[in-house]
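J.: My structure is below; once you've seen it, I'll send some questions.
The values are calculated or read from the model by the stated rules, or taken from the named source; none is laboratory data. Note that the coordinates shown come from a computational prediction; the quantities given were computed from them, not determined experimentally. Here the Cβ positions follow ideal geometry from the backbone for every residue, glycine too, while neighbour counts run over all protein chains shown.
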Protein chains: 4
Amino acid sequence: MAEKEKIVVQTSVKDESLIEIRRRQIVSGAVNLFKEKGFHRATTREIAKAAGFSIGTLYEYIRTKEDVLYLLCDYIYDQVKQQLAEITSETGTVEELKEAIKQYFHLIDRMVDEFTIMYQETKSLSKEAMHYVFDKEHEMVHLFEKIIKNTSLPKNQVLTEKEIFLAANHIVVQGQAWAFRKWAFRKRYTIEDYINDQTKLFLSGIFHFHENS
Amino acid sequence: MAEKEKIVVQTSVKDESLIEIRRRQIVSGAVNLFKEKGFHRATTREIAKAAGFSIGTLYEYIRTKEDVLYLLCDYIYDQVKQQLAEITSETGTVEELKEAIKQYFHLIDRMVDEFTIMYQETKSLSKEAMHYVFDKEHEMVHLFEKIIKNTSLPKNQVLTEKEIFLAANHIVVQGQAWAFRKWAFRKRYTIEDYINDQTKLFLSGIFHFHENS
Amino acid sequence: MAEKEKIVVQTSVKDESLIEIRRRQIVSGAVNLFKEKGFHRATTREIAKAAGFSIGTLYEYIRTKEDVLYLLCDYIYDQVKQQLAEITSETGTVEELKEAIKQYFHLIDRMVDEFTIMYQETKSLSKEAMHYVFDKEHEMVHLFEKIIKNTSLPKNQVLTEKEIFLAANHIVVQGQAWAFRKWAFRKRYTIEDYINDQTKLFLSGIFHFHENS
Amino acid sequence: MAEKEKIVVQTSVKDESLIEIRRRQIVSGAVNLFKEKGFHRATTREIAKAAGFSIGTLYEYIRTKEDVLYLLCDYIYDQVKQQLAEITSETGTVEELKEAIKQYFHLIDRMVDEFTIMYQETKSLSKEAMHYVFDKEHEMVHLFEKIIKNTSLPKNQVLTEKEIFLAANHIVVQGQAWAFRKWAFRKRYTIEDYINDQTKLFLSGIFHFHENS
DNA sequence: CATGAATGAGCCTTCATTCAT
DNA sequence: TATGAATGAAGGCTCATTCAT
């Protein structure tokens, strides 16, 4: 979780604040571009153009094309983390859990493109970078694990660690599904409906987990 | 759903049965290759080699590199469909539904690599081919919709069409999750455990769907 | 002029009469094909198909793709030669010369496609084959040299060998021009008009050759 | 006829003057190469090498291989046009016509290779590019039409538009003949001789055009 | 003789990356 | 720092030719 984990994308530029600006430009240009053509089909020239400067300049801020994808994933997770940071479970009520799910699903809905790109292109990353991304995903699962653990369920429904893990994954996965199966859901569901039904299904699931054989 | 819908990958070879053989070779070679490097990083020469013949020959059986991916997706779905065809809901018991889920999850487990590739690379297909794949996915969702619809749930838990759709998607998505989140699940779950817990969560979910607000 | 000069296109087939038949098929298929796509753009598969048999069979009657072009040129010249053989200058009248020109121009008009192909693709031939073709062209020039030489011109207009050579070339070239500049001429000229005016221009030219400085 | 008609060969390089330089390099390299092997047999790598840079660079200045041929034709016609621009018929004397022919024939002699290539490979161009080249040819014919029209011929020999067209084509064609039939002419003619005799033949032709039936 | 599947050299083109200005 | 021209490895694909049946 420490910032130190961040895989540093090397630059030849010294000015730290300029680096930040340029990278923001790269990322926001890349999102639109990758959304349209995917990482592999997008050329570095196009990335540079989308970012608003020349390839020469692009390569002052990245070392390889893959860095762009990495930068993008990094940026998205930062956003996610930042926004999820506000979700906490303090009282342990079910309402709080519902709220967390809602926040998370809305977050995904707001960033559908970014998420879609991430889940599609992540596999193109180097093993090293991929692990970093996996870790981040694990953080997200973990966040929900904590919230679920903290939530007071009916007495006879106390979940084991493993079951909590499954439940947390469930939320994360169903959230992602909204992003990369939108072509299937959008015809029948608004995000609100989706949240509603998914939450109901999920809650009745964990509320009665141990009732069926 | 007619077989005629199949998007024909053109060939310059006339012998139909030979085409079948060669394509099977292409597909099984490609699975291993794509698993390792992904579709984009694999070269046509490598695909040919993995299939056991020269590029020249490869191109006697496909028109473009994308055809390989298409052939692969096609093959996988055919397998899936064929194996799921045996799953039917005749008595409408919950046991039957459980069995269907089990079959489906086992199927995915058996073809983890194939599924992973499919969900990762599908987006690289042409619009036309993508729609064909989407249709196939829809068939799968539909299969579960029918089974769920046919299953007798507690009286007060009758599901609407929309809810059935969600539930069917749920199964399909959680099945896929086993494939492309295996890195997360494998540490704690065997496929049997996974099936078990997922089924429990799902069933208690739909059995009590309308109990929570 | 002897048949011996013919560069033999080797075959692995023994039956002489079959060879003739197959080659005729090759040539007539190739004319249509080359007319449309040119020699380089036409594939051997297409040539075989146009000829009415398989590539395998095609290669029983030729050694390389170039042979097809060679066969084609050979055939065309044979046709030309055969048809021009009937043109002779026996009385030495101007009428006879006119008739020869007319015959030649009409011949070209009848075989525009063949001529066009020949003049366009001849340069793709090997040096050896090209020389054979050049020799054939020379024969044609020579034919007209003989006719012109034999024609009685006004006394003060007797032409030197060199001038006769030029005049003969003139006819050959202007004939070819009808074939490969048809896009320019066709708008304003019918073949009859063309023959008429070209003949007039030519005759008045050689009839008054030595009048201007 | 406006310069604007020029079919633009697209580039990814911005510096206009550099484009000019590189294209000149491409063209002059291509002339030698095509002279030797023809357009189809020459590879892009060879073209690049002949131009003095890498394929990568070559493709910064052209879009496809065909562009090289187009660039070449374009260049040649520019040269021709530029050099013929100096030829004008102001007084309408026969001497002026002779001079024009002389200039044109000399021009061809100077650029035999270029002309030969152009007339041989032009047919490989796309329809669009071919039309552009045809238009240029038409300009040349038209130039001579104007000159001939302006030339004062004997009173009873006034030529019709159609005859002038034929005569102009005559010059253009006989000029080309010097280029692509050089193997035939070179043995007996120097360019001066050729010009001399061709001019004589042509002039006596048009001076007496209407004397023969 | 006829067939057509197999082969692989080789072609055109792209594009990530570098480096002189 | 910024620029963009230059580079060349590498990729997708074609097609003339062969050879077993």
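J.: Of all residues in region D:33-43 being surrounded by 15 or more Cβ atoms within 10 Å (Cβ to Cβ) and in a helix (DSSP H, G or I), which is farthest from DNA strand F (Cβ to nearest atom)?
T.: My answer is D:LYS35.
J.: If I filter region C:24-41 for residues that are of a type in the set (Ser, Thr, Tyr) and over 19 Å from C:ARG110 (Cα atoms), do I get at least one hit?
T.: no
J.: Look at region A:10-26 and say how many of its residues are more than 20 Å from the chain's Cα centre (by Cα), farther than 16 Å from A:GLY56 by Cα and in a helix (DSSP H, G or I).
T.: Adding up the residues that qualify gives 4.
J.: If we keep just the residues of region B:11-23 that are free of Cβ contacts under 8 Å to residues at least 40 places away in the same chain and more than 14 Å from every other protein chain (Cβ to nearest Cβ), which is nearest to DNA strand F (Cβ to nearest atom)?
T.: Looking at the filtered set, the residue picked out is B:LEU18.
For every residue, the table says whether it meets (1) closer than 18 Å to A:ILE76 by Cα; (2) touching a residue at least 12 places away in the same chain (Cβ under 8 Å).
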position: A:TYR132; (1), (2): yes, yes
position: A:VAL158; (1), (2): no, no
position: A:LEU166; (1), (2): no, no
position: A:ILE171; (1), (2): no, yes
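J.: Need the failing condition index for C:LYS123 against (1) part of a helix (DSSP H, G or I); (2) not assigned by TED's automatic domain parsing to the domain that holds C:GLN198, just the number.
T.: Of everything listed in (1) part of a helix (DSSP H, G or I); (2) not assigned by TED's automatic domain parsing to the domain that holds C:GLN198, C:LYS123 misses just condition (2).
J.: Would you mind finding the one in A:GLY56, A:GLY52, A:GLY29 that is more than 11 Å from DNA strand E (Cβ to nearest atom) and over 24 Å from the mean Cα position of the chain (by Cα)?
T.: Matching residue, one of A:GLY56, A:GLY52, A:GLY29: A:GLY52.
J.: Same structure again: Taking only region B:66-82 into account, find how many residues are within 16 Å of DNA strand E (Cβ to nearest atom) and either surrounded by fewer than 22 Cβ atoms within 10 Å (Cβ to Cβ) or farther than 13 Å from B:ALA30 by Cα (or both).
T.: 2
J.: Here is a further query. All but one of (1) more than 24 Å from C:ILE195 (Cα to Cα); (2) out of contact with any Leu (no Cβ under 8 Å at 6 or more places or on another chain); (3) not aliphatic (A, V, I, L, M) hold for D:THR151, so report the exception by its number.
T.: Unmet condition: (2).
J.: Do we have any residue at all in region B:96-116 that's away from chain A (no Cβ under 14 Å) and hydroxyl-bearing (Ser, Thr, Tyr)?
T.: Yes, region B:96-116 contains at least one residue that is away from chain A (no Cβ under 14 Å) and hydroxyl-bearing (Ser, Thr, Tyr).
J.: Kindly provide the set of residues from region D:78-110 that are without any contact (Cβ under 8 Å) to a residue 60 or more places away in the chain and under 25 Å from D:ARG41 (Cβ atoms), ordered by number.
T.: Selection gives D:GLN79 alone.
J.: Only one of A:GLU121, A:GLU114, A:GLU128 is in contact (Cβ under 8 Å) with a residue 24 or more places away in the chain and under 11 Å from the mean Cα position of the chain (by Cα); which?
T.: When all the criteria are applied, what remains is A:GLU114.
J.: Shifting gears a bit: Which ones in region D:95-127 are modelled with pLDDT under 85 and β-branched (Val, Ile, Thr)?
T.: Answer for region D:95-127, where residues must be modelled with pLDDT under 85 and β-branched (Val, Ile, Thr): just D:THR122.
J.: Given the conditions (1) loosely packed, with under 15 Cβ neighbours inside 10 Å; (2) at pLDDT below 90; (3) not in a helix (DSSP H, G or I), which single one is not true for C:ARG63?
T.: Result: C:ARG63 fails condition (2) only.
J.: For region D:1-27, give me each residue that is hydrophobic (A, V, I, L, M, F, W, C) and either at pLDDT below 55 or farther than 17 Å from D:ASP78 by Cα (or both).
T.: D:MET1, D:ALA2, D:VAL13, D:LEU18
J.: Within region C:44-75, work out how many residues are within 14 Å of chain B (Cβ to nearest Cβ) and more than 7 Å from DNA strand F (Cβ to nearest atom).
T.: Counting residues in region C:44-75 that are within 14 Å of chain B (Cβ to nearest Cβ) and more than 7 Å from DNA strand F (Cβ to nearest atom) gives 4.
J.: So for region B:147-166 (the condition being of a type in the set (Asp, Glu) and within 20 Å of B:GLU86 (Cα to Cα)), does at least one residue qualify?
T.: No, because not a single residue in region B:147-166 is of a type in the set (Asp, Glu) and within 20 Å of B:GLU86 (Cα to Cα).
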